[in-house]
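The values are calculated or read from the model by the stated rules, or taken from the named source; none is laboratory data. Just so you know, these numbers come straight off a predicted model, no measurement behind them. Cβ: placed from backbone, ideal geometry, glycine included. Neighbour counts: every protein chain shown. These area figures cover heavy atoms from the full protein model, side chains too; ligands, DNA and RNA do not enter into them. Shrake-Rupley method; radii C 1.70, N 1.55, O 1.52, S 1.80 Å.
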Amino acid sequence: MNATLAKKVALRGLLIAAVTGATMLSIPVPGFRLYFNFGEGIIYTAALLLGPAWGAAAGGIGASLADLLLGYPLWAPFTLFIKGTEGYVTGKLGIRSPLLGITSGAAVMTAGYSTMAAVLYGRAAAPVELVTDLLQCGMGAALALAALKPLRQALSRSSGGGM
């Protein structure tokens, strides 16, 4: 294995672990098997810095691992798809504009989770999920946008132009 591939594998693993850890910093929503978490900022940051494949891997795998570890196994397959798609869309559209990428990724995430909450827990859960997700996406967007420039500069310096 060459050094560049080893660095990519290691970084991808670290990003997945960071999403898992940030997602596990969660606040349960009373009355439903839902929770607010801090993983969105890491997903957006990974996707914007490193592209759609990285965002999809970090978001899908990292967040679904957190679901399993937090005791929400029912959500893990949905999370793998929803957060993976969110990371991919954010990375793909974020090439044009970070704000467009984040907004589009957030739309995927809020639509996916609100729909699944309604299916799993009834229609009353959908608005609760939507409000929680909008707050979560907003906080994640603020974190990612604030971190983007300094992290881009650091990546550029450390790898001679990025991954």
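Evaluating kT/(6 pi eta Rh) at 10 °C and 1.306 mPa s, with the Kirkwood radius of the range 89-163 over Cα pairs in the Stokes-Einstein relation, gives 115 µm² s⁻¹.
Between GLY94 and GLY101, the built amide H atoms are under 5 Å apart, and every one of these is 5 or more places off in sequence or on another chain. All distinct Cα pairs of the range 1-114 go into the 1/r average, and the inverse of that average, the Kirkwood radius, is 13.8 Å. By the helix-only formula, in which each DSSP H run with n ≥ 4 contributes -39500 (n - 2.57) and the sum is divided by residues, the chain has a 222 nm mean residue ellipticity of -27500 deg cm²/dmol.
Taking all protein chains into account, the per residue accessible area for the range 28-153 stands at 44 Å² (1.4 Å probe). Hull volume per residue, based on the alpha-carbon atoms of the range 47-109 and their convex hull, is 59 Å³. For GLY59, neighbours were defined as the other residues whose beta-carbon sits under 11 Å from its Cβ, and their charges (Lys and Arg +1, Asp and Glu -1) total -1. A cut-off of 5 Å between modelled amide H atoms, ignoring neighbours fewer than 5 places along the same chain, links TYR35 with VAL29.
Picking from PRO73, PRO30, PRO98, which is most flexible by a Gaussian network model of the chain using Cα springs under 10 Å? Highest fluctuation among the options: PRO30.
Which of THR45, THR115, THR79 ends up with the largest GNM mean-square fluctuation for the chain, with Cα atoms connected below 10 Å? Per the Cα network of the chain with a 10 Å cutoff, THR115 tops the list.
Surface composition of the range 1-82: carbon plus sulfur atoms hold 75% of the accessible area, using a 1.4 angstrom probe and ignoring ligands, DNA and RNA.
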